[in-house]
Amino acid sequence: MLTIKNLHAQVEDKKILKGINLQVNAGEVHAIMGPNGSGKSSLASVLAGRQNFEVTAGSALLDDKDLLDLSPEDRAREGLFLAFQYPVEIPGVSNINFLKTALNEIRAYKGLQPLDARSFLALTRERQKLVEFDAQFTNRSLNEGFSGGEKKRNEIFQLAMLEPKLSILDETDSGLDIDALRIVSNGVNKLRSANNAFILITHYQRLLDYIVPDFVHVLYDGRIIRSGTKELALELEERGYDWLKEEVALQAQL
Amino acid sequence: MATQIASTLYNKLSADFKHNRFSPEEAKDALYALREKSFAQFVDQGFPSIKNEDWKYTNLAAYLKEDLQTEVLAHDYNEVSPAKVSEYLMEGLDAHILVLINGELNVSLSSFHGDGTVSIQSVGSAIDTPDYVPYLGKEINIQRNSLAALNSALFKDGLFIEVKANGIVDKPLHIIHLNCSANGIFLQPRHLVVAHKNAVVNIVETFANIHEESVVWLNSVTEVYVEENAQVNHYVLQSGQLNTRMVNHTEITQKKHSLYNNYTATLPGADLVRNNLNVNLVDSNTETHLFGLYLGAGQQLIDNHTAVDHRKPNCFSNEHYKGVLSGNAKAVFNGKVFVRQEAQKTNAFQQNNNLLLSDKAVVDSKPQLEIFADDVKCSHGSTIGQFSKEALFYLQSRGISEASARGLLVQAFAFDVVSKFKLAPVREHVEKLIMHNLEQWFN
């Protein structure tokens, strides 16, 4: 589904991604872990098309389309979804109006008619339940005055509404209490299917207890330095990252 | 005498004044005296130039070049049919319709002619009655407002709305100002609204030109008196076409326990809009809200000058103006709040926020507080910014096109002000106008 090859990116002159290779197939969940500043969130930003990143080499194919050639909105319409680490508050834009606009623009891109009011409402109600999202939130301004947990739940609610092929959850677990973490994880688990895939960016093994990944990757200094199964996350929890950093340093000396 | 600009129009107006000179035999002495005094003021000051602090950012000279006719010709009236008027009704607004053509009340096109609660008259017919004269020009400072002085010297007609004591006007009064002249015209309507003790009235004003190609220069003065415990909700929707220049002087006087709400929305179209909105709080315990939204596009210049004069204790005033500018549009916001020594326990708040959508759009924002009392709560603030890139990216990352995302953000920016418009059909109409104009800007 997603094939990233030799992806290099920089902000101004600072090189952030230094040759990322990653293959994500339909039905899989991948976790990306790594120390602070290793480039995890940057990878998510580059894939979603945030402006300040400059891609200097490589490709990122979502099915047969290179995401890097597309505008951020077209990436979303092709089926990419980024759950933000810090969802933006936009006072004055109602959650519901925002979602209707997004859903219908995605549908128009696919050559589908806009959803009528009744079907949209029905879909909203059904998907709200997935993240135990109160109807009152949907009528409020987008993320305005939401608690950290509410914002993250709103991200997953949007994910549920837009039904992307590939979802990247950028530290969705940060700032969540145990209950909110459980709700968000349950939502994601219910949305998992053979036709979609997830990339979880996280610092903590705890999230992976709830959403069990098929693969775990360690990102360090702009490269994936180790890939494994969910046991790798447990090992990292126990040993930290220093042993991996040392291995990288050793290899560099050789 | 100040340096004179726009001499053709100036000479024509001077000739009009001499020709029409209202003789003391014909008019009440007070009116005659006001006209003489006002014209002397205009002759002394001329059209305001940028040397005048109140006009520093708005150069009128560029808008006074045409040779405009100052007399309304009678045949123009045939061009406005009831069907034409119906184009300017507001969807969903159940209102009494008052149609003014070139500043004169048109009785046959209006659906309402007053009732036991409210009287509707033309200023032309009420001009020398004791109902009208005592209110005329009572609070307007003609020394500082030469255009208001010019209007005072030469006005002939306008609308006179008087709501009787304890009267609650059952429906909003929708005043449709239609300007209709095949040739360029300089109009000086003069309106008066008096809401007597305990009265309540909603007024909605809209503007349109029948001949879009000819210049309409409107030098309008509206006086509003809100008597004790009365309430006036005043909506002004300015969506004129190109070639429209409007200077709207609105002078409000509030008595004890009265409430005045002003909602002004200025949309793209008119070349020049200058609003002078002055609120005089001449008594204690009043409440005032001024909400303004201006969307400027093209070469437009939108200038809002407001002044709230707290003269007595325990009054509350709140002002929030927001502007969005694209293209080469320019806006001016100048908000003055005076708190006089006697006006203790004043609460006065003022806020102006601007969103610039292009590199060439300009705004001059000047909040001004002058406080002479020592026990007051006052604040003012002004911001000028661009779109938040992060908000744009967030919307785009959900599949929303850049143009739609910008549209949503403009609507969101306007929301603080538009959501305050209490009459739902007016609010929805303004929202529609915003959407309509966004399409024009982003395509």
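The values are calculated or read from the model by the stated rules, or taken from the named source; none is laboratory data. Worth saying up front: this structure is predicted, and the values here are computed from it rather than measured. In this analysis, Cβ positions are derived from the backbone assuming ideal geometry, glycine residues included, and neighbour counts consider all displayed protein chains. All accessible areas refer to the heavy atoms of the entire protein, side chains included, with ligands and DNA or RNA removed. Shrake-Rupley method; radii C 1.70, N 1.55, O 1.52, S 1.80 Å.
Tell me, yes or no, whether segment B:373-381 has at least one residue that is open to solvent by less than 40 Å² (accessible area, probe 1.4 Å), without any contact (Cβ under 8 Å) to a residue 40 or more places away in the chain and within 14 Å of chain A (Cβ to nearest Cβ).
The answer is no; no qualifying residue exists.
Looking only at segment A:81-110, which residues are touching a Phe, Trp or Tyr at 6+ places or on another chain (Cβ under 8 Å), assigned to a helix (DSSP H, G or I) and either more than 23 Å from B:A391 (Cβ to Cβ) or open to solvent by less than 60 Å² (accessible area, probe 1.4 Å) (or both)?
A:N95, A:L103
Scanning segment B:387-401 for residues that are part of a loop (DSSP other than H, G, I, E, B) and without any contact (Cβ under 8 Å) to a residue 24 or more places away in the chain, which turns out farthest from the other protein chains (Cβ to nearest Cβ)?
Pass one, segment B:387-401, residues part of a loop (DSSP other than H, G, I, E, B): B:387-388, B:397-401.
After this cut, where a residue has to be without any contact (Cβ under 8 Å) to a residue 24 or more places away in the chain as well, the list is B:388, B:397-401.
On the way: B:S388: 7, B:S397: 5, B:R398: 4, B:G399: 4, B:I400: 5, B:S401: 5 Å.
The selected residue is B:S388.
Looking only at segment B:111-124, decide whether some residue is in a loop (DSSP other than H, G, I, E, B) and within 24 Å of B:F186 (Cα to Cα).
Filtering segment B:111-124 down to residues in a loop (DSSP other than H, G, I, E, B) leaves B:111-113, B:115-117.
With within 24 Å of B:F186 (Cα to Cα) added as a condition, the list becomes none.
No, that holds for no residue.
Here are the criteria: (1) within 27 Å of A:T138 (Cβ to Cβ); (2) open to solvent by less than 30 Å² (accessible area, probe 1.4 Å); (3) more than 14 Å from chain B (Cβ to nearest Cβ). Tell me which single one A:Q113 does not satisfy.
Among (1) within 27 Å of A:T138 (Cβ to Cβ); (2) open to solvent by less than 30 Å² (accessible area, probe 1.4 Å); (3) more than 14 Å from chain B (Cβ to nearest Cβ), A:Q113 violates only (2).
Does at least one position in segment B:412-434 carry a residue that is farther than 30 Å from A:Y109 by Cα, touching a strand residue (DSSP E or B) at 6+ places or on another chain (Cβ under 7 Å), open to solvent by 20 Å² or more (accessible area, probe 1.4 Å) and among the β-branched types (V, I, T)?
No.
Report every pair of residues separated by at least 6 positions or lying on different chains whose Cβ atoms are under 7 Å apart, first residue within segment B:258-284 and part of a loop (DSSP other than H, G, I, E, B), second modelled with pLDDT of 95 or more and of a type in the set (D, E).
Going by the 7 Å Cβ cut-off, the qualifying pairs are B:S258/B:E227; B:S258/B:E228.
Taking segment B:307-357 as the search range and keeping residues that are β-branched (V, I, T) and part of a strand (DSSP E or B), which one is farthest from B:A265 (Cα to Cα)?
B:V339
Applying the selection to segment A:81-109, what residues are facing chain B (nearest Cβ under 7 Å) and among the charged types (D, E, K, R)?
Of everything in segment A:81-109, just one residue is facing chain B (nearest Cβ under 7 Å) and among the charged types (D, E, K, R), namely A:E105.
Which one of these does A:H203 not meet: (1) in a loop (DSSP other than H, G, I, E, B); (2) out of contact with any Asp or Glu (no Cβ under 8 Å at 6 or more places or on another chain); (3) open to solvent by less than 70 Å² (accessible area, probe 1.4 Å)?
A:H203 satisfies all of (1) in a loop (DSSP other than H, G, I, E, B); (2) out of contact with any Asp or Glu (no Cβ under 8 Å at 6 or more places or on another chain); (3) open to solvent by less than 70 Å² (accessible area, probe 1.4 Å) except (2).
Could you please give the count of residues in segment A:147-177 that are touching a Lys or Arg at 6+ places or on another chain (Cβ under 8 Å) and without any contact (Cβ under 8 Å) to a residue 60 or more places away in the chain?
Qualifying residue count, segment A:147-177: 5.
Output the residue which, of all residues in segment B:404-422 that are modelled with pLDDT of 95 or more and not in a helix (DSSP H, G or I), is farthest from the other protein chains (Cβ to nearest Cβ).
Among them, the one singled out is B:K422.
Residue check: is A:I183 buried (at least 17 other Cβ atoms within 10 Å of the Cβ), β-branched (V, I, T) and within 27 Å of A:V46 (Cβ to Cβ)? Step through it out loud before you land on a result.
On the way: buried (at least 17 other Cβ atoms within 10 Å of the Cβ): yes; β-branched (V, I, T): yes; within 27 Å of A:V46 (Cβ to Cβ): no.
When the stated conditions are applied, A:I183 does not pass them.
Check whether at least one residue in segment A:143-150 is closer than 23 Å to B:K389 by Cβ and within 12 Å of chain B (Cβ to nearest Cβ), and report yes or no.
Just the residues of segment A:143-150 that are closer than 23 Å to B:K389 by Cβ, to begin with: A:143-146, A:148.
Right, trim to within 12 Å of chain B (Cβ to nearest Cβ) and you get A:143-144.
Taking every residue of segment A:143-150 in turn, at least one turns out to be closer than 23 Å to B:K389 by Cβ and within 12 Å of chain B (Cβ to nearest Cβ).
Looking at B:Y63, B:Y132, which one is among the aromatic types (F, W, Y) and over 20 Å from the mean Cα position of the chain (by Cα)? Break it down into steps so the answer makes sense when it comes.
Details: B:Y63 fails: over 20 Å from the mean Cα position of the chain (by Cα).
Of B:Y63, B:Y132, the one residue that is among the aromatic types (F, W, Y) and over 20 Å from the mean Cα position of the chain (by Cα) is B:Y132.
Can you find even one residue in segment A:155-170 that is away from chain B (no Cβ under 14 Å), buried (at least 17 other Cβ atoms within 10 Å of the Cβ) and closer than 30 Å to A:I32 by Cα?
Taking segment A:155-170 as the starting set, the residues that turn out to be away from chain B (no Cβ under 14 Å) are none.
Scanning segment A:155-170 turns up no residue that is away from chain B (no Cβ under 14 Å), buried (at least 17 other Cβ atoms within 10 Å of the Cβ) and closer than 30 Å to A:I32 by Cα.
For segment A:37-62, give me each residue that is touching a residue at least 40 places away in the same chain (Cβ under 8 Å), assigned to a loop (DSSP other than H, G, I, E, B) and under 26 Å from A:K230 (Cβ atoms).
A:S38, A:G39
For segment A:190-232, which residues satisfy the criterion of being more than 20 Å from A:L82 (Cα to Cα), touching a His at 6+ places or on another chain (Cβ under 9 Å) and not hydrophobic (A, V, I, L, M, F, W, C)?
Answer for segment A:190-232, where residues must be more than 20 Å from A:L82 (Cα to Cα), touching a His at 6+ places or on another chain (Cβ under 9 Å) and not hydrophobic (A, V, I, L, M, F, W, C): A:R226, A:S227, A:G228.
Closer than 30 Å to B:V201 by Cβ and at pLDDT below 80: which single residue out of B:V107, B:V72, B:V99, B:V80 fits that description?
Numbers: B:V107 fails: at pLDDT below 80; B:V99 fails: at pLDDT below 80; B:V80 fails: at pLDDT below 80.
Criteria check complete, one pass: B:V72.
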